[in-house]
Amino acid sequence: MALWLLWLLEPAPWGAPAPQTTVTILIWHWPFTNRPPELPGDTCSHYGMAGCRLSANRSLLASADAVVFHHRELQTLKSRLPLDQRPNGQPWVWASMESPSNTRGLHHFRGIFNWVLSYRRDSDIFVPYGRLEPYSGPAPPLPTKSKMAAWVVSNFQERQQRAKLYRQLVPHLRVDVFGRASGRPLCANCLLPTVAQYRFYLSFENSQHRDYITEKFWRNALAAGTVPVVLGPPRATYEAFVPADAFVHVDDFSSARELAGFLVSMNESSYQRFFAWRDRLRVRLLGDWRERFCSICARYPYLPRSQVYEDLEGWFQA
Ligand SMILES: *[C@@H]1O[C@H](CO)[C@@H](O)[C@H](O)[C@H]1NC(C)=O
Ligand SMILES: *[C@@H]1O[C@H](CO)[C@@H](O)[C@H](O)[C@H]1NC(C)=O
């Protein structure tokens with residue numbers, strides 16, 4: 001059985017102890033904003049998780065069952081951790097969905113955090129950017145394909161691997177580029193209908209790291225109804241999440257020219273095969289921080305109590 005299917009079917013561990021009382025998760029910084037969303041007590045019930053409360057109220061530090069620190073704010077606000085007020089044995093969670101290339105200052109956090117919440121599969125709380133879930137069709141109709149390849153990029157830097165590959169592809173493949181870096185920005189609601197007109201979407205990650213597969217793959221390509229051409233972790237990583245014939249991996253080709261030739265000369269029956277998964281599976285996007293944080297409660301009874309990340313940076317860079 002394919003790995004991704006095993007993962008999909010993995011049952012909740014047997015004998016899961018029902019939480020005695022509500023688990024309270026304190027979110028020290030709400031990610032990317034200083035205005036946390038409304039967090040009613042039933043927030044996590046909304047995501048299928050009972051007995052779980054999220055709060056941004058720092059007065060709960062003394063009593064929270066776990067405290068989450070989002071890395072971006074630790075990095076940019078240089079905010080101090082409330083180490084002197086930390087109750088004995090209170091689990092602290094380091095949370096980030098960014099890759100190591102976009103993460104600085106981890107060496108400040110030696111021996112502090114007990115659990116990690118990230119896209120890395122070996123995280124204590126593993127939160128991918130998306131997943132496929134069973135679905136008994138009929139699959140929604142695919143948009144009509146009138147164009148070849150699209151790419152949306154907001155931060156174009158020549159030193160990035162994806163910029164190099166793009167430069168090598170354009171002599172052989174028509175690529176329409178959108179996004180801030182191209183001078184053709186797309187409004188939030190225009191992105192999916194625009195890229196859906198294309199046969200292929202360049203799901204090029206901004207940096208290549210273990211398990212780092214983002215919404216460029218899940219949302220911009222799979223959910224939009226176009227075929228992702230991926231630059232990211234190795235093919236085997238993608239195959240842990242989706243069927244092997246749902247995407248084109250740039251590593252399968254010895255040159256950009258060969259990759260372009262494959263995309264351009266593909267006939268319709270070969271092309272349609274990339275969508276076979278849609279008859280039985282559908283994309284679920286997992287971009288909501290509330291849902292990500294609520295998933296801490298699902299793992300809470302099983303997380304190691306005495307674990308400490310002595311070398312968080314070393315772990316994350318590995
Ligand atoms: C924060 O929690 C404290 C302690 O439970 C409570 O007294 C206070 O009213 C809360 N603040 C807000 C804004 O909910
Ligand atoms: C389409 O291309 C595939 C792969 O090259 C080939 O095996 C198949 O026979 C082609 N189908 C048609 C209808 O031309």
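Structural remarks
- Exactly one residue among Leu259, Leu312 is within 21 Å of Gln90 (Cβ to Cβ) and of a type outside the set (D, E, K, R), and that residue is Leu312.
- In region 263-300, residue farthest from ligand 1 (Cβ to nearest atom) [restricted to those that are in a helix (DSSP H, G or I) and among the small types (Gly, Ala, Ser)]: Ser265
- On the stretch given as region 81-99, residues that are closer than 16 Å to His70 by Cβ, out of contact with any strand residue (DSSP E or B) (no Cβ under 6 Å at 6 or more places or on another chain) and either at pLDDT 95 or above or not in a loop (DSSP other than H, G, I, E, B) (or both) total 3.
- Residue selected from region 48-73 under the condition within 13 Å of ligand 1 (Cβ to nearest atom) and of a type in the set (Lys, Arg), by the criterion nearest to Glu38 (Cα to Cα): Arg53
- For Phe200: the one exception among (1) assigned to a strand (DSSP E or B); (2) surrounded by fewer than 17 Cβ atoms within 10 Å (Cβ to Cβ): (2)
- Residues within region 165-197 that are closer than 21 Å to Ser265 by Cβ and part of a strand (DSSP E or B), tallied: 2
- Here is the figure for region 225-252: residues that are assigned to a loop (DSSP other than H, G, I, E, B), out of contact with any strand residue (DSSP E or B) (no Cβ under 7 Å at 6 or more places or on another chain) and more than 17 Å from Gln208 (Cα to Cα) total 2.
- Check on Leu132, among the aliphatic types (A, V, I, L, M), surrounded by 20 or more Cβ atoms within 10 Å (Cβ to Cβ), in contact with a helix residue (DSSP H, G or I) (Cβ under 8 Å, 6 or more places away or on another chain) and over 21 Å from Asp311 (Cβ atoms): yes
- Restricting Leu26, Leu81, Leu54, Leu39 to those that are of a type in the set (A, V, I, L, M, F, W, C), more than 17 Å from Ser295 (Cβ to Cβ) and touching a residue at least 24 places away in the same chain (Cβ under 8 Å) reduces the list to Leu81.
- Residues that are β-branched (Val, Ile, Thr), assigned to a strand (DSSP E or B) and either under 24 Å from the mean Cα position of the chain (by Cα) or surrounded by fewer than 16 Cβ atoms within 10 Å (Cβ to Cβ) (or both), drawn from region 18-64: Ile25, Ile27
- Of all residues in region 261-318, those satisfying the criterion of being among the hydrophobic types (A, V, I, L, M, F, W, C) and within 16 Å of ligand 2 (Cβ to nearest atom) are Phe262, Leu263, Val264, Met266, Phe274, Phe275, Ala276.
The values are calculated or read from the model by the stated rules, or taken from the named source; none is laboratory data. Just so we're clear, the structure is a prediction, and the values are computed from it rather than from any experiment. Heads up, the Cβs are rebuilt from the backbone with ideal geometry, glycines too, and the neighbour counts pull from every protein chain shown.
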